[in-house]
Amino acid sequence: MERVIIVGSGPAGLTASLYAARADLKPLCIEGWQPLGLLMTTTEVENFPGFPEGVMGPELMMKMREQAEKFGTRFVTENASKLDLSGDVKKVWVGETLYESRTVILATGASSVKVGIPSEEEYLYGKGISTCATCDGAFYKKLVVAVIGGGDSAMEEANFLTNFASKVYLIHRREEFRASRIMVDCVKANPKIELVTPYTIEEFVGDGKLLKSIRVKHAQTGELRTLELDGAFVAIGHKPNTELFSDQVELDEKGYVKCQGRSQKTSTPGVFAAGDLQDTTYKQAITSAGSGCVAALDAQHYLEHHGW
Ligand code: NAP
C-alpha cells in the first residue's frame with residue numbers, strides 16, 4: 001500500500017513529490033511517457049526565482065526531477081490509464097499494473113488548444129502544423145512560418161522562430177494582445193515578424209501532404225487573405241487534462257478541478273490536485289510548484305489525521 005501516488009510530473013507533480021519524499025512518505029510518481037510537463041517545450045525561463053541569468057525549461061525540469069528522486073521519490077515512466085478514487089484505498093492503473101494508495105495527488109497539467117477546423121487535423125504534427133516551436137522550429141530554417149495567438153506563448157514562439165525562419169507571420173483575432181507588454185514590444189521590434197491582426201483562421205491549405213498556405217479573414221471587414229508559408233504554430237492556450245477522472249472529482253464548467261478554499265483538497269477525500277489542471281488564473285511554473293507543495297502538505301495532514 002502506497003501512502004502517496006502523484007499522477008503527473010510538471011512543476012506541480014515534482015514539487016509534490018519532493019515534499020512528500022522529504023516527509024518520508026516514499027511517494028510514487030506516475031510521470032507519464034512524455035514526462036516533466038509543458039516546460040519541456042519551452043526555451044529560456046526568466047521568471048523562476050533563483051535563476052537570475054534565466055534557465056532553460058528542460059534543464060529546470062530535469063533538476064526538479066533529480067531533486068525529488070534524491071529524497072526517495074520513485075518514478076513510473078508511463079501514463080496512468082485508469083483511476084478509482086473512491087473509498088479509503090485509491091486505485092491507480094498503469095496498463096495492467098494496479099497500484100494502491102491512501103492518497104492521490106492529481107497533477108496532470110494542461111494540453112494545447114487547437115483552432116478546431118477540419119483542415120487543421122489534416123496537417124497537424126509532421127505535415128506543417130505544430131503546437132510546439134521549441135520542438136519543431138529547427139525544421140523551418142530559412143522558411144516562412146506563422147504563429148497563431150495573442151498571448152505570451154504566441155509572442156515567445158514568434159520571437160524564438162525568428163532564429164530559424166526567414167519570416168514569421170503573427171496572426172491574432174484581435175488588435176489588442178493578451179500577452180505582457182514587454183513580450184509584445186519585443187515582437188513589434190523584430191523586423192522578421194509581420195503582425196496579421198485582427199484576422200481569424202478560415203482554412204489551412206495544402207497539397208494533401210504538406211501545408212502550403214493559410215486563408216485568413218479580417219475580423220471586421222471580412223476581407224480574405226492568403227498567406228503562403230511552410231509551417232504554422234498554434235499557440236492559443238491550453239485545456240486541463242482531467243478526462244481520466246472527470247467523474248470522480250468535482251470540476252468547473254471548463255473542466256478544471258475545483259479545490260476547497262486555500263487548500264489543494266478536491267471534493268473527494270484523500271485526493272488532492274495541483275498545477276495547471278486546477279488553475280484558471282495564474283498558470284505559472286512557480287504557482288504550479290507552490291500548489292504542488294500545498295497538495296503534499298495537505299496529503300501529509302490527511303494521512304496523519306487517519307493514523308496512516
Ligand atoms: P493565453 O494567455 O490564454 O492566450 C491565448 C491566446 O490565444 C489569446 O490571445 C486568445 O485570443 C487566443 N485564442 C484563444 N482561442 C482562440 C481561437 N480559437 N482562435 C484564435 N485565437 C484564439 O495562453 P498562453 O499564451 O498559452 O499563456 C498561458 C499562460 O502562460 C499565461 O498566464 C501566460 O502569461 C503564461 N506564459 C508565460 C510566459 C512567460 O512569462 N515567459 C510564456 C508563455 C506563457 P484573445 O486574446 O482574443 O482571447
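The values are calculated or read from the model by the stated rules, or taken from the named source; none is laboratory data. Remember, predicted model here, so these are calculated numbers, not experimental data. A quick note on method: Cβ atoms are made from the backbone with ideal geometry, for glycine too, and the neighbour counts reach across all protein chains shown.
Ile182: hydrophobic (A, V, I, L, M, F, W, C), in contact (Cβ under 8 Å) with a residue 12 or more places away in the chain and either within 16 Å of the ligand (Cβ to nearest atom) or in the same structural domain as Glu44 (by TED's automatic domain parsing) (or both), yes or no?
No, not satisfied.
Which residues, taken from region 41-63, are in a helix (DSSP H, G or I) and not charged (D, E, K, R)?
Those that are in a helix (DSSP H, G or I) and not charged (D, E, K, R): Thr41, Gly57, Pro58, Leu60, Met61, Met62.
If you check Phe164 against the conditions, is it touching a Gly at 6+ places or on another chain (Cβ under 9 Å), free of Cβ contacts under 8 Å to residues at least 40 places away in the same chain and farther than 30 Å from Val249 by Cα?
Yes, satisfied.
Report, by residue number, each residue of region 68-87 that is charged (D, E, K, R) and over 19 Å from Cys259 (Cα atoms).
Those that are charged (D, E, K, R) and over 19 Å from Cys259 (Cα atoms): Glu69, Lys70, Arg74, Glu78, Lys82.
Of all the residues that make up region 29-51, how many are closer than 23 Å to Val4 by Cα and of a type in the set (Val, Ile, Thr)?
Residues in region 29-51 being closer than 23 Å to Val4 by Cα and of a type in the set (Val, Ile, Thr): 1 in total.
Search region 131-160 for residues that are within 21 Å of Ala110 (Cβ to Cβ) and not assigned by TED's automatic domain parsing to the domain that holds Phe177 and pair each with any residue that is part of a helix (DSSP H, G or I) and within 12 Å of the ligand (Cβ to nearest atom) when their beta-carbon atoms are under 6 Å apart and the residues are at least 6 apart or on different chains.
Between residues of region 131-160 that are within 21 Å of Ala110 (Cβ to Cβ) and not assigned by TED's automatic domain parsing to the domain that holds Phe177 and residues that are part of a helix (DSSP H, G or I) and within 12 Å of the ligand (Cβ to nearest atom), there is no close pair.
Restricting region 136-156 to residues that are charged (D, E, K, R) and modelled with pLDDT of 95 or more, which is farthest from the ligand (Cβ to nearest atom)?
Residues of region 136-156 charged (D, E, K, R): 136, 141-142, 152, 156.
Now narrow it down to the ones that are modelled with pLDDT of 95 or more: 141-142.
On the way: Lys141: 24, Lys142: 26 Å.
Looking at the filtered set, the residue picked out is Lys142.
Restricting to region 77-129, give me the number of residues that are within 16 Å of the ligand (Cβ to nearest atom) and without any contact (Cβ under 8 Å) to a residue 40 or more places away in the chain.
4
Which residues, counting only those in region 190-217, are part of a loop (DSSP other than H, G, I, E, B) and of a type in the set (Val, Ile, Thr)? Outline the logic, then answer.
The first filter runs over region 190-217 and keeps only residues part of a loop (DSSP other than H, G, I, E, B), leaving 190-192, 197-198, 207-210.
If the condition is that a residue be part of a loop (DSSP other than H, G, I, E, B) and of a type in the set (Val, Ile, Thr), then Thr197 is the only one that fits.
Read through the list (1) within 12 Å of the ligand (Cβ to nearest atom); (2) of a type outside the set (D, E, K, R); (3) in a helix (DSSP H, G or I); (4) touching a Phe, Trp or Tyr at 6+ places or on another chain (Cβ under 9 Å), then give the number of the only condition that Val187 fails.
Unmet condition: (1).
Filter the strands (runs of 3 or more DSSP E) completely within region 218-308 down to those with at least 3 residues that are surrounded by 14 or more Cβ atoms within 10 Å (Cβ to Cβ), at pLDDT 95 or above and more than 16 Å from the ligand (Cβ to nearest atom).
Fully inside region 218-308 and qualifying: 271-273.
Does region 161-174 hold any residues that are in contact with a strand residue (DSSP E or B) (Cβ under 9 Å, 6 or more places away or on another chain) and of a type outside the set (A, V, I, L, M), and which are they?
Within region 161-174, Thr162, Phe164, Ser166, Lys167, Tyr169, His172, Arg173 meet the criteria.
Across region 38-65, which residue is nearest to Thr134 (Cα to Cα) among those that are within 13 Å of the ligand (Cβ to nearest atom) and among the acidic types (Asp, Glu)?
Top of the filtered list is Glu44.
Restrict the check to region 26-40 and report whether at least one residue is on the phi > 0 side of the Ramachandran plot, surrounded by fewer than 16 Cβ atoms within 10 Å (Cβ to Cβ), modelled with pLDDT of 95 or more and not in a helix (DSSP H, G or I). Quick ask: steps written out before the conclusion?
Of all residues in region 26-40, those on the phi > 0 side of the Ramachandran plot come to 26, 32, 36-37.
This time we only want the ones that are surrounded by fewer than 16 Cβ atoms within 10 Å (Cβ to Cβ), so: 26.
Cutting the leftovers down to modelled with pLDDT of 95 or more gives us 26.
Those left that are additionally not in a helix (DSSP H, G or I): 26.
Within region 26-40, one or more residues are on the phi > 0 side of the Ramachandran plot, surrounded by fewer than 16 Cβ atoms within 10 Å (Cβ to Cβ), modelled with pLDDT of 95 or more and not in a helix (DSSP H, G or I).
Within region 248-272, restricting attention to residues that are small (Gly, Ala, Ser) and in contact with a helix residue (DSSP H, G or I) (Cβ under 7 Å, 6 or more places away or on another chain), which residue is nearest to Ala12 (Cα to Cα)?
Out of the qualifying residues, it is Ser263.
Kindly indicate which of Thr103, Thr162, Thr108, Thr97 is farther than 20 Å from Val205 by Cα, at pLDDT 95 or above, over 18 Å from the mean Cα position of the chain (by Cα) and surrounded by 22 or more Cβ atoms within 10 Å (Cβ to Cβ).
It is Thr103.
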